[in-house]
Amino acid sequence: MKKMGICYVLWVNLLNEKFYKKEEKGMQKVIFIIVFIVVISLICLMFNNAKIQNDGIIVSKDGGSDINSQERQLENEEKVTTTVGSASSTHSAGIFTPEDTKVLGIEIDMKKEEVEEILGEPYKTESHYEDAFDGDVLTYYYHFGSIRMEPLDETEYTVSHIIIDKPGLEGPRGIKVNDAIDTVIAKFPFSNEFSKDDSNRQMIYGSDEENCGYIVYDTDGNISELVYDYGGGGFGTYSLVIEVMDNKVKLITIGVMNV
């Protein structure tokens, strides 16, 4: 009887050992499956993040990267490519013309009497003698800036320059004082195929002998002026000169060469 009891205890212990071993193996399988799923999920997540980053970064041949260059490339592709004069441009806007000299209700070459009728009497008037005209040149001051008037003869004057130096007043193509210079450049044709010359001037369309636009840089490499000419640069040439400070429009001058 005692032997039977011992055998029973040994049999129960054996069964329990087999059961726990079987349960342990089952738990190991479950843990293995869970770890496998977690590892696969992490790999997929890392792959997706790398793909998203690559969509915004284009790696150059020298190993560097250009962030958001793909976005800039898409923007450039949306711009219309045109040819103005001898320059290929990525801006679809037209060149500067005499039509752009019509601002604030007046325009270049308008007679003095017409200006006074439209704008009223100036709050200040100056005159000084210039040899080139063998006569006096007038300057009318208004709330937006000033107007230069040159003599056609002893009695008749016409507008030769319109200067805007106050914010909030629109010049050609809606350009205003304090506008960012890159928004101004975008309003006219532009090509980056030209290099700066010895005078720190970079042509952006056309040439000196024809209708053109160019940028003038200071000694630090910053834009100091943006100039557009219509007429080849000689007598009768219309111009738009934009003075720049800290990459913003400081002064707008529209004019014509009468001498």
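Readers should treat all values here as calculations from the given coordinates under stated rules, not as data from a laboratory. Every value quoted in this text rests on a predicted model; they were computed, and no experiment measured them. Glycine also receives a Cβ, built like all others from the backbone with ideal geometry; neighbour counts cover every protein chain displayed.
For this structure, a couple of remarks:
- The requirement of being more than 22 Å from residue 229 (Cβ to Cβ) and out of contact with any Lys or Arg (no Cβ under 7 Å at 6 or more places or on another chain) is not satisfied by residue 157.
- Total residues in the stretch 161-171, condition under 18 Å from residue 115 (Cβ atoms) and in a strand (DSSP E or B): 4
- Qualifying residue in the stretch 148-158 (condition: surrounded by fewer than 17 Cβ atoms within 10 Å (Cβ to Cβ), in contact (Cβ under 8 Å) with a residue 12 or more places away in the chain and over 24 Å from residue 105 (Cβ atoms)): yes
- On the stretch given as the stretch 207-244, residues that are under 19 Å from residue 159 (Cα atoms) and acidic (Asp, Glu) total 1.
- Residues of the stretch 127-143 include at least one that is part of a loop (DSSP other than H, G, I, E, B) and within 35 Å of the chain's Cα centre (by Cα).
- Any pair with Cβ under 8 angstrom, 6 or more apart, that starts in the stretch 103-118 at a residue that is under 15 Å from residue 254 (Cα atoms) and ends at one that is assigned to a loop (DSSP other than H, G, I, E, B): 103/170; 103/171; 104/144; 104/169; 104/170
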